[in-house]
Amino acid sequence: MRWMTPQCMMHWCAHGREDTGDVTAKGRSMATTSRYLEEIRNRVLVYDGAMGTQILDLNLAAPDYGGPTQDGCPEILAVTRPDAIRDIHRAYLDAGADILETDTFTGTRLKLDDYALGARTYEINHAAARVAREAADSFSTPERPRFVAGSMGPTGMLPSSDDPSLSNITYQQLAELYREQAVALIEGGCAPPSPASAAPGPRPAGVWRSRRRSRSIPVGACC
């Protein structure tokens, strides 16, 4: 549950199937997939909690985000302040989390464009995955591995909406936005991707389709 703090976490887990086209990332993802599926068959895995509220508690300023244009964009912190994001991840691991979610909840090109960062979509998502992966690896043991889920949140668009401002996007365009994000997350070390705060409809369906096009690792869904 995304609103939980490190001191108050809920247990939740679900999975599907998909794959990555990058050769190096594919090998890593397949190995992680195998262990992830093995673990969830044998025990409950604990997800981390909210990222946004933990960032707000840091009272960061515009320079932390890389300047006034990017001020308030949580995702860029994986590039400009990886130490801050790493500390949040480590706090959740200290609290007992088995799965970290990346700092990429609004990491699609469409949302990053709000901060003139759309062209850096791959860089930002890949960096966030690496920061989380490094934190997870520092806590992993052979007996209790830690995993990294790629957080994929809403774009603010909804093809099925009657509102012209929300529906000004096609299902195929939505799937491509998530495909681009998913590739960066997987190649950065994520398994599973985690479409978050999903409601029934085309957005989660678009995520699933994008994951098929990016190919085979588990997919978690957080509501």
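With the checklist (1) assigned to a helix (DSSP H, G or I); (2) at pLDDT 95 or above; (3) surrounded by fewer than 17 Cβ atoms within 10 Å (Cβ to Cβ); (4) among the β-branched types (V, I, T) in hand, flag the one item T69 doesn't pass.
Here T69 meets the rest and fails (1).
Given (1) surrounded by fewer than 19 Cβ atoms within 10 Å (Cβ to Cβ); (2) assigned to a loop (DSSP other than H, G, I, E, B), identify the lone condition not met by R120.
For R120, the exception is condition (2).
Any residue that is outside any helix (DSSP H, G or I), of a type in the set (F, W, Y) and out of contact with any Lys or Arg (no Cβ under 7 Å at 6 or more places or on another chain) - is there at least one of those in region 97-109?
Step one: list which residues in region 97-109 are outside any helix (DSSP H, G or I), which gives 97-108.
Now drop any that are not of a type in the set (F, W, Y), which leaves 105.
From what is left, the residues that are out of contact with any Lys or Arg (no Cβ under 7 Å at 6 or more places or on another chain) are 105.
Within region 97-109 (the criterion being outside any helix (DSSP H, G or I), of a type in the set (F, W, Y) and out of contact with any Lys or Arg (no Cβ under 7 Å at 6 or more places or on another chain)), the answer is yes, since at least one residue qualifies.
Residues to consider are D94, D98, D87; find the one that is charged (D, E, K, R) and either at pLDDT below 95 or closer than 16 Å to R130 by Cα (or both). So that I can check it myself, show each step before the final result.
Numbers: D94 fails: either at pLDDT below 95 or closer than 16 Å to R130 by Cα (or both); D98 fails: either at pLDDT below 95 or closer than 16 Å to R130 by Cα (or both).
After ruling out the rest, the residue left standing is D87.
Residues A136, A182, A149: which one is within 18 Å of G107 (Cα to Cα), of a type in the set (A, V, I, L, M) and in a helix (DSSP H, G or I)?
On the way: A136 fails: within 18 Å of G107 (Cα to Cα); A149 fails: in a helix (DSSP H, G or I).
On inspection, the qualifying residue turns out to be A182.
Out of all the residues in region 42-66, which are free of Cβ contacts under 8 Å to residues at least 12 places away in the same chain and not in a loop (DSSP other than H, G, I, E, B)? Before you say what the answer is, go through the steps one by one.
Just the residues of region 42-66 that are free of Cβ contacts under 8 Å to residues at least 12 places away in the same chain, to begin with: 42-43, 56-57, 59, 61-63.
Across region 42-66, the qualifying residues are N42, L56, A62, P63.
The values are calculated or read from the model by the stated rules, or taken from the named source; none is laboratory data. Not measured: the values here are computed from a predicted model. Counting neighbours? That spans all protein chains shown, and the Cβs are built from the backbone with ideal geometry, glycine included.
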